Amino acid sequence: MNTKTIVITGGTTGIGFACASYLLAQNYRVIITGKNPDNVKNALEQLNHQAVGYVSDTSKLSDINTLVTTIKTTFGTIDGIFINAGIFKAASFEATTEELFDQTMNINFKGAFFTLQQFIPILNNPSSVVLNTSVAVFKAFADTSVYTASKAALESIAQVLNIELANKGIRVNMVSPGVTKTPIQKKSGMSDEAITNLLNHFSEVSPLKRIVEPQDIAPIVEFLLSEKSIPLRNEKMIVDGGSTL
Ligand SMILES: NC(=O)c1ccc[n+]([C@@H]2O[C@H](COP(=O)([O-])OP(=O)(O)OC[C@H]3O[C@@H](n4cnc5c(N)ncnc54)[C@H](OP(=O)(O)O)[C@@H]3O)[C@@H](O)[C@H]2O)c1
């Protein structure tokens, strides 16, 4: 029986939800978070209430603090965290407003930064942290400037954390998805036609010959969270079907 407890931020839909489902099937204890209460409720129903879920806005330090306190009271310590909550809103560089800049950085970078900082006291020795970044960090896509910056910032701290947190037995690795079919595209403000074109394009150019699905990413995240990957530090698993080659 696997008794490891894993937190997944943004575990209500897409990649986070697929990971929650996969980890439960591998007998992990799973805690998911999300900002939207209905999405948390729906996700827990779809997971047959085998997971525990909390509404927590990752961009608010007070929410993160309450989340950690609640998890500490209920579970004591945890064995890993998948820092996955994130947003993408398509906007050209010239059209990127201060509001979109702050929203994206506050969720994708600041939220991830302080989530990990506040979870450190309840992370076991050893434990594993997985950051969800993006191929956008090394492959240019139009209309993604602030999103790309938020993910590059997140990647940049992984190596520092691996040095600073090593004596606590905490290791940090990354998963870097390519274009993956999830609700993020619809939430991005892209039209249905633009989404279809995007998904078709990446299906065609990919050596995999189909789009990456959230279920493709889940076993890779599980590997990084498990002790199977214990010697890996600052490793970045690019999960894009080869589309950025
Ligand atoms: N899909 C791709 O092509 C792709 C590629 C590279 C990287 N990624 C990254 O993968 C991660 C997951 O995205 P996805 O594609 O699976 O999209 P998704 O289905 O939209 O999932 C995003 C998750 O993040 C949560 N979230 C958003 N804002 C939040 C906030 N302020 N506080 C707490 N939770 C919040 C959402 O919760 P709610 O239920 O409240 O909305 C949802 O559970 C993101 O970090 C994204 O940047 C995605």
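Among the residues of segment 62-103, those that are touching a residue at least 12 places away in the same chain (Cβ under 8 Å) and part of a helix (DSSP H, G or I) comprise Ile64, Asn65, Leu67, Val68, Thr70, Ile71, Lys72, Thr74, Phe75, Leu100, Phe101, Gln103.
Regarding segment 212-230, can at least one residue be identified that is free of Cβ contacts under 8 Å to residues at least 40 places away in the same chain, farther than 30 Å from Asn125 by Cβ and in contact with a Lys or Arg (Cβ under 9 Å, 6 or more places away or on another chain)? Within segment 212-230 (the criterion being free of Cβ contacts under 8 Å to residues at least 40 places away in the same chain, farther than 30 Å from Asn125 by Cβ and in contact with a Lys or Arg (Cβ under 9 Å, 6 or more places away or on another chain)), the answer is yes, since at least one residue qualifies. Among the residues of segment 162-192, those that are under 18 Å from the mean Cα position of the chain (by Cα) and open to solvent by 70 Å² or more (accessible area, probe 1.4 Å) comprise Lys181, Lys186, Lys187.
For segment 37-56, does any single residue satisfy the condition of being at positive phi and not in a loop (DSSP other than H, G, I, E, B)? No.
Got at least one residue in segment 157-173 being in a helix (DSSP H, G or I) and either in contact with a helix residue (DSSP H, G or I) (Cβ under 6 Å, 6 or more places away or on another chain) or closer than 15 Å to Ala90 by Cβ (or both)? For segment 157-173, residues in a helix (DSSP H, G or I) and either in contact with a helix residue (DSSP H, G or I) (Cβ under 6 Å, 6 or more places away or on another chain) or closer than 15 Å to Ala90 by Cβ (or both): absent. Filtered by the rule that a residue be in contact with a strand residue (DSSP E or B) (Cβ under 8 Å, 6 or more places away or on another chain) and assigned to a helix (DSSP H, G or I), segment 224-245 gives Leu224, Leu225, Glu227, Ser229. Quick one: would you say Phe93 is within 14 Å of the ligand (Cβ to nearest atom), over 19 Å from Phe113 (Cβ atoms) and not aliphatic (A, V, I, L, M)? The answer is no for Phe93. Filtering segment 104-113 to residues that are within 12 Å of the ligand (Cβ to nearest atom), farther than 15 Å from Thr148 by Cβ and either not in a helix (DSSP H, G or I) or not small (Gly, Ala, Ser) (or both) leaves Asn106, Lys110.
Restricting Ile238, Ile195, Ile211 to residues that are under 15 Å from the mean Cα position of the chain (by Cα) and under 21 Å from Gly86 (Cα atoms) narrows the list to Ile238. What number of residues within segment 6-55 are surrounded by fewer than 24 Cβ atoms within 10 Å (Cβ to Cβ) and near the ligand (Cβ under 7 Å from one of its atoms)? The number of residues fulfilling the criteria is 6.
The values are calculated or read from the model by the stated rules, or taken from the named source; none is laboratory data. Note that this is a predicted model, so its numbers are computed, not measured. Note: ideal-geometry Cβ built from the backbone for every residue, glycine included; neighbour counts use all protein chains shown. Just so you know, the surface numbers come from the protein's heavy atoms only, side chains and all, with ligands and any DNA or RNA stripped out. Shrake-Rupley method; radii C 1.70, N 1.55, O 1.52, S 1.80 Å.
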